[in-house]
Amino acid sequence: MVDTVNARVYATKNDLPEATRLEVIRLLNQRLADSIDLQTQCKQAHWNVKGPTFIALHKLFDDINEDVEEYSDLIAERVVQMGGVAEGTVGVVADRSTLVDYPIGLATGAEHVAALSDALAAFGRSVRLGIEEMNDLQDAGSADILTEISRGVDKWLWFVEAHQQGA
Ligand SMILES: [Fe+2]
């Protein structure tokens with residue numbers, strides 16, 4: 001087991017109450033694990049997809065990965081701004097991610113579209129819940145970051161799902 005307890009909290013002149021910041025740090029580190037897991041799933045799909053739609057999906061999955069990398073960065077740096085420690089190692093992510101493990105044996109475009117759309121939808125749901133949590137904590141900045149991420153994930157889910165909707 002990985003030690004997933006927040007290592008420490010730094011003093012900051014940020015005026016959000018410490019109790020709020022502690023909860024924001026905890027919740028955002030959970031979303032960070034999901035986001036990093038999603039990055040690895042995009043790359044897994046990017047590398048292994050095969051078939052007549054190879055080039056379109058190979059490029060699409062890498063474009064999604066680039067944006068998801070940005071999402072991870074936004075979340076991780078918000079954690080640190082709150083005085084926390086961003087917990088983004090592979091060990092922590094494997095322990096904490098709420099996403100289903102990406103199946104290793106997939107090959108066709110249809111298989112990867114199905115798996116990655118599942119992952120994007122699951123991440124989209126967890127981020128949307130996160131917006132509500134940040135609103136409840138009255139942290140508009142974190143809610144805004146998650147809202148931006150949510151918009152992006154909704155867009156990428158559309159891009160991926162469009163491959164199964166025209167058939
Ligand atoms: Fe590549």
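Numbers at a glance
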quantity: From Ser97, Ser117, Ser126, residue being at pLDDT 95 or above and over 22 Å from Leu74 (Cβ atoms); calculated: Ser117
quantity: Selected residue (only one of Ser117, Ser126 is closer than 27 Å to Asn14 by Cα, open to solvent by less than 20 Å² (accessible area, probe 1.4 Å) and away from the ligand (no atom under 16 Å from the Cβ)); calculated: Ser126
quantity: Any pair with Cβ under 8 angstrom, 6 or more apart, that starts in region 112-136 at a residue that is more than 18 Å from Tyr71 (Cα to Cα) and ends at one that is buried (at least 21 other Cβ atoms within 10 Å of the Cβ) and at pLDDT 95 or above; calculated: His112/Ala45; His112/Val49; His112/Leu57; His112/Phe61; Val113/Leu57; Val113/Val160; Ala115/Gln41; Ala115/Ala45
quantity: Residue that is nearest to Ile104 (Cα to Cα), among those in region 37-54 that are over 20 Å from the mean Cα position of the chain (by Cα) and away from the ligand (no atom under 12 Å from the Cβ); calculated: Lys50
quantity: Any hit, region 69-92, residues being within 16 Å of the ligand (Cβ to nearest atom), assigned to a helix (DSSP H, G or I) and either open to solvent by 40 Å² or more (accessible area, probe 1.4 Å) or hydrophobic (A, V, I, L, M, F, W, C) (or both); calculated: yes
quantity: Region 46-67 residues that are farther than 14 Å from Lys155 by Cα and among the aromatic types (Phe, Trp, Tyr), paired with ones that are more than 12 Å from the ligand (Cβ to nearest atom) and at pLDDT 95 or above (beta carbon under 9 Å, 6 or more apart); calculated: Phe54/Gly109
quantity: Selected residue [of a type in the set (A, V, I, L, M) and surrounded by 15 or more Cβ atoms within 10 Å (Cβ to Cβ)] from Ala56, Ala33, Ala19, Ala107; calculated: Ala33
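The values are calculated or read from the model by the stated rules, or taken from the named source; none is laboratory data. Quantities reported herein were computed from a predicted structural model and do not represent experimental measurements. We place every Cβ from the backbone using ideal geometry, glycine too, and count neighbours over all the protein chains shown. Accessible surface is based on the protein model in full, side chains and every heavy atom, while ligands, DNA and RNA are left aside. Shrake-Rupley method; radii C 1.70, N 1.55, O 1.52, S 1.80 Å.
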